[in-house]
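Below: the structure, in structure tokens.
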Amino acid sequence: MGGGGEEEKSEMRGLGSSITVIEEWNGTASSKLTISAVVTVSGDSVQKSFRPFNHLSRRLLDAFVPEGFPNSVTDDYVPFQIWDSLQGLSTYMRTMLSTQALLSAIGVGEKSATVIGATFQWFLRDLTGMLGGVMFTFYQGSNLDSNAKMWRLVADLMNDLGMLMDLVSPLFPSAFVLIVCLGSLSRSFTGVASGATRAALTQHFALQNNAADISAKEGSQETVATMIGMALGMFLARITMGHSLTIWFCFLSLTFFHMYANYRAVRCLTLSTLNFGRSWILLSHYMETGQVLSPRQVSNLEHVLPSWMTSWKVDGKHMHKRVILGIRISSLKSDQVMSLSSLANTYYNKDKYLLLVTKQKIIIIVHKDSTSVDILQAFIHALVLANLKYNGNGGSVHLESRLWMDKNYKDLVFKLQSFGWKTERLSSPSVMWKANWLTNSSEEKID
């Protein structure tokens, strides 16, 4: 028994003479692991070497970026967040200036002002904003997701307008309530549009189903920007107090920077969903070259400004504006309904949609049993038909567009998918009006 014990100890001493190094790694993504400690085992001694700075810096970074960053987000996440934080910073600085003016107009600091009067004015301001938010959601709620870039710009522009109203309000005491209510109404549009588009962009950034994590870290980033902006805004309000020209100069300068930062932030986005505008850019290039553009290339060509800020003319660059998706059948004229009946039996007898050509528009009538894939096909078909009709083609546009779709549509979808485009659905407002039609030799029915 004793001999066996001595032999085991001798064996352990032999093993103990070797050196073993054990490294401690920290991180969730395999490509972004960092060494936080090194443990060296030599004989009977154990030495630990810590790297607390790397560990601490990583922990601080994890409070502001999603888990697994940068592999868990898209490439446009970082530039967008940088410009978004800068525009947020300018917003909070301007908020201090506009709020100071608003409180002064209400009568804060004046002996003649009454509490009930100030409370009533503030109540009217908030009530107007609440009602405005509900009405804006009712009219434009379904359109925000499909035009996230445009509505992101519109939201911040309306916010700028609301702050401008607050700053102007002291100059017109007799119209004070009306001005602040209009400013609150403007900001209510901002709240709805900004929140909805932010949700759409969060889904875009999430590569690993981590939208909740991205949203939480966005909150942390916004909190830091808010604190810095409020501190700078308080300092700015303090040094400009009583100097109207200086206040206006600072406010307008920050507003121009805010608009520029928002435009740059939106231009950084590379969305891979197919909305009306991106579909037309892709289709027109494909019809000319037979090739498909990448999301980055389309982003550089995409029109992001609201239509009322540009020309109303519908030209070759805006052919998608000629297409109407979904319409009430009961609103059509008798000759148009007869035309639909003929089309349902001929060119579209195998499709879940009908295309009606008018003088200025292409109307898509969607079947009640159509899927999201059918709606995307219908819209592409309508764009092809519009391109043939409004570019001076003298033949049968229904026949030629049908031949083009039969020959090229599957190839177009395949190439779109190979470039990373999402072809499962058309990013568009919900189709509120659909139809059902039954066609045979003896009976035609269009509901």
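For this structure, a couple of remarks:
- Residues that are open to solvent by less than 40 Å² (accessible area, probe 1.4 Å) and modelled with pLDDT under 80 within region 62-112 comprise 68, 101, 102, 105, 106, 107, listed in sequence order.
- Single residue of 273, 289, 246 found to be in contact with a strand residue (DSSP E or B) (Cβ under 6 Å, 6 or more places away or on another chain) and open to solvent by 20 Å² or more (accessible area, probe 1.4 Å): 273
- Going through (1) surrounded by 18 or more Cβ atoms within 10 Å (Cβ to Cβ); (2) more than 31 Å from the chain's Cα centre (by Cα); (3) closer than 24 Å to residue 273 by Cα one by one, residue 406 falls short only on (1).
- Against the conditions (1) open to solvent by 20 Å² or more (accessible area, probe 1.4 Å); (2) out of contact with any Ser or Thr (no Cβ under 6 Å at 6 or more places or on another chain); (3) more than 30 Å from residue 381 (Cβ to Cβ); (4) touching a residue at least 24 places away in the same chain (Cβ under 8 Å), residue 254 satisfies every one except (2).
- Index of the failed condition, residue 361 passing every other in (1) surrounded by 21 or more Cβ atoms within 10 Å (Cβ to Cβ); (2) in contact with a helix residue (DSSP H, G or I) (Cβ under 9 Å, 6 or more places away or on another chain); (3) farther than 30 Å from residue 418 by Cβ: (1)
- Every residue from region 200-238 that is part of a helix (DSSP H, G or I), touching a residue at least 40 places away in the same chain (Cβ under 8 Å) and among the small types (Gly, Ala, Ser): 200, 220, 225, 229, 233, 237
- The residue that is most open to solvent (accessible area, probe 1.4 Å), counting only those in region 348-358 that are assigned to a loop (DSSP other than H, G, I, E, B) and closer than 22 Å to residue 422 by Cα, is 352.
- Residue 259 vs. criteria in a helix (DSSP H, G or I), surrounded by 14 or more Cβ atoms within 10 Å (Cβ to Cβ) and hydrophobic (A, V, I, L, M, F, W, C): yes
- Any hit, region 42-53, residues being at pLDDT below 85 and over 29 Å from residue 18 (Cα atoms): yes
- Selection status of residue 282, part of a loop (DSSP other than H, G, I, E, B), surrounded by 21 or more Cβ atoms within 10 Å (Cβ to Cβ), at pLDDT 85 or above and not β-branched (Val, Ile, Thr): no
- Region 322-339 - residue that is more than 11 Å from residue 434 (Cα to Cα) and in contact with a Phe, Trp or Tyr (Cβ under 8 Å, 6 or more places away or on another chain) and, of those, most open to solvent (accessible area, probe 1.4 Å): 322
- Only listed residue being at pLDDT below 85, open to solvent by less than 30 Å² (accessible area, probe 1.4 Å) and farther than 24 Å from residue 243 by Cβ, chosen from 153, 144: 144
The values are calculated or read from the model by the stated rules, or taken from the named source; none is laboratory data. Computed from a predicted structure; not experimentally measured. Cβ: placed from backbone, ideal geometry, glycine included. Neighbour counts: every protein chain shown. Areas reflect the complete protein model, heavy atoms only, side chains present, ligands, DNA and RNA absent. Shrake-Rupley method; radii C 1.70, N 1.55, O 1.52, S 1.80 Å.
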